[in-house]
Amino acid sequence: MERRRRHASRSHHPAPAPQAAQDPHQEDGRQEDPRHHLNPEHSMRTTIGQANKATVDLIHDVIYNRQIPDDVDDSTIFKIANGLLNLPTRDIALAYIYPLEIGKARLLWEHALTVCTREGLTHLTPALHTLRGWTSWITGDMKQADRSLHDALVAQPTYSMAQLLHKAIVRSLPPVRVSRAFLRNRDEFERDADPGTAPESPDETELAPGLIAQQAASYRATELLMGLGSCTCCTDDIGRAAFNDSAELLLRILEAGPTGEQHLVCSIGVGDDSLVYTLHATRKPDGAVQLDSDEAFGFTTVLALGRAAALPGGLVSRTDSTPDGRDRIYGWRLAGYRLDPLTAGEIFDAYCTDTKTGDLISPEPNVDYCVPPPLDEDGPAPDHSH
């Protein structure tokens with residue numbers, strides 16, 4: 001995300017000169033080719049030079065540098081909302097979907113809706129409803145997404161972007177399919193605004209699907225954790241207690257693992273759905289552990305939910321580049337609040353069996369399927385639910 005921080009601090013460029021080409025998002029009431037609704041990327045192509053750079057920079061500044069809503073006054077909201085009347089600008093705003101951005105972006109659009117509705121500025125609300133609907137969708141809040149896009153279409157029935165997103169939800173398209181066009185628009189806009197800014201390697205557009213899925217899992221787990229209530233015995237918040245304890249447990253898992261690159265996957269079942277979160281960490285020869293704080297937060301949240309709510313699931317760890325040159329794979333099964341170690345045979349079966357046919361798959365070379373190290377877990381106190 002370093003590229004985003006550089007962008008936030010650079011000086012403003014003059015707005016691009018308007019182009020004579022017709023805005024491809026012009027809402028003129030003409031009937032659209034129905035095939036376009038089957039291809040989200042076609043409907044979202046835009047002339048990037050027509051985007052309002054001042055509005056884009058202001059949105060970026062609010063999301064990265066301010067507390068929402070405390071540090072965002074009404075005049076800032078009015079500037080952003082008016083700037084979003086420009087449809088290419090709206091497309092760029094739809095691309096604030098990376099883990100560090102999505103939460104604050106959703107807060108911004110919700111706050112902007114509150115302000116504009118309060119002031120009776122209904123002509124500004126369709127864009128804001130759409131942006132809130134989009135951020136709700138990619139974070140897994142389907143009810144809010146459907147409601148927001150419905151409100152956008154009630155306010156402006158011909159708004160093709162809201163139509164597109166609403167139809168994508170109805171057709172159960174994955175949001176990552178829609179996101180790629182937004183991300184390309186954003187990268188192209190930033191390159192036009194600052195030719196010296198190039199996409200990092202690997203390309204963030206390629207990473208976006210995984211990032212969005214991770215963020216959606218984290219948001220969903222957070223929402224469910226917050227709804228667990230208080231312990232009937234000691235009145236402690238169950239979700240908070242589970243998170244704190246799971247953070248300590250994660251550290252023990254990482255410190256107990258071998259030296260090298262550690263890749264952890266936590267998967268839990270929530271009704272008919274599953275939440276999956278991946279964490280990458282490095283354990284140095286001196287025992288120190290390096291990891292990304294945002295990944296650690298999301299992973300801990302999913303793990304905490306599985307333990308506190310006694311959901312089915314498991315945790316698998318794979319360590320690459322160990323001193324002897326062999327990878328090690330081991331894992332645990334969620335058993336209420338505890339993690340029960342899987343046997344070497346269970347790990348081998350999980351990795352070396354075709355899930356569709358049941359046939360044996362050749363094991364990977366230089367890989368040890370082994371029993372996990374002891375964690376010295378403490379279970380919940382008697383009569384407590386955490």
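Numbers at a glance
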{"quantity": "Considering residues of region 113-131 that are within 17 Å of LEU87 (Cα to Cα) and of a type in the set (A, V, I, L, M) only, the residue surrounded by the fewest Cβ atoms within 10 Å (Cβ to Cβ)", "calculated": "LEU124"}
{"quantity": "Sole residue being surrounded by 11 or more Cβ atoms within 10 Å (Cβ to Cβ), modelled with pLDDT under 90, under 29 Å from THR222 (Cα atoms) and of a type outside the set (Val, Ile, Thr), chosen from GLY314, GLY331, GLY336", "calculated": "GLY336"}
{"quantity": "Condition broken by PRO157, with the remaining ones in (1) closer than 24 Å to ASP70 by Cβ; (2) surrounded by fewer than 21 Cβ atoms within 10 Å (Cβ to Cβ); (3) out of contact with any Phe, Trp or Tyr (no Cβ under 8 Å at 6 or more places or on another chain) satisfied", "calculated": "(1)"}
{"quantity": "Criterion (farther than 12 Å from PRO372 by Cα, among the hydrophobic types (A, V, I, L, M, F, W, C) and touching a Gly at 6+ places or on another chain (Cβ under 7 Å)) met by exactly one of LEU311, LEU303", "calculated": "LEU311"}
{"quantity": "Identity of the residue in region 344-370, under 25 Å from VAL270 (Cα atoms) and modelled with pLDDT of 90 or more, that ends up farthest from the chain's Cα centre (by Cα)", "calculated": "GLU346"}
{"quantity": "Residue pairs meeting the criteria (Cβ under 8 Å; at least 6 apart or on separate chains; first assigned to a helix (DSSP H, G or I), in region 157-169; second modelled with pLDDT under 80 and acidic (Asp, Glu))", "calculated": "SER160/GLU27; SER160/GLU32; MET161/ASP91"}
{"quantity": "Candidate set from region 307-330 (those that are in a loop (DSSP other than H, G, I, E, B) and more than 16 Å from PHE243 (Cβ to Cβ)); member that is nearest to the chain's Cα centre (by Cα)", "calculated": "PRO312"}
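The values are calculated or read from the model by the stated rules, or taken from the named source; none is laboratory data. Source: prediction; values computed, not measured. Here the Cβ is made from the backbone with ideal geometry for all residues, glycine too, and neighbour counts use every protein chain on show.
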